[in-house]
Amino acid sequence: MAAPTPSHAQLGYSVRRLRQARHLTIDTLAETAQMHPTYLSGIERGERNPTWTKLCNLADALDVSVSTIVAVAESRSRRVAQPDLDELELELIRPRQSPDEDTDFDRAH
């Protein structure tokens, strides 16, 4: 089997990081995103190229936008040139606060 292209590998890295940050198993995320766990595993390994629908399902299941998944993948591709992007990546993968939690904005106003 040929090596995965860098873009697929970076996308898979992004999905894996987001999944792990939310403490989800592959099985749980796959079920929520309406795909087979083997297919999701292939995405995470960079061996599969998900359709737009699958990518949107993953974003919904991870409670992020598709652009967040792409931004984490892009930060991975630029890491060698700009090592400070690790902080950006950490910010991107953090789970969203629930509406019940106070934000800095709420406390300030």
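Coordinate-derived values only; no laboratory data. These numbers were taken from a predicted model, which means no experiment stands behind them. Every residue, glycine among them, receives a Cβ derived from its backbone with ideal geometry; neighbour counts consider all protein chains shown.
What FRET efficiency would be calculated for the residue pair ASP27, SER77, taking the C-beta separation as r and a Förster radius of 30 Å, to the nearest 0.05?
So, using R0 = 30 Å, E works out to roughly 0.60.
Tally Lys/Arg at +1 and Asp/Glu at -1 over every other residue whose Cβ is under 12 Å from the Cβ of ILE43; what's the total? Before the final figure, lay out the partial values.
On the way: positive: ARG16, ARG19, ARG45, ARG48, LYS54; negative: GLU44, GLU47.
With Lys, Arg at +1 and Asp, Glu at -1, the net is +3.
Please list 3J(HN,Hα) in residue order for region 63-73, calculated via the Karplus relation 6.51 cos²θ - 1.76 cosθ + 1.60 where θ = phi - 60°; whole Hz, with x for glycine and proline.
Using θ = phi - 60°, the values come out as 6, 9, 7, 4, 5, 5, 4, 5, 4, 5, 4 Hz.
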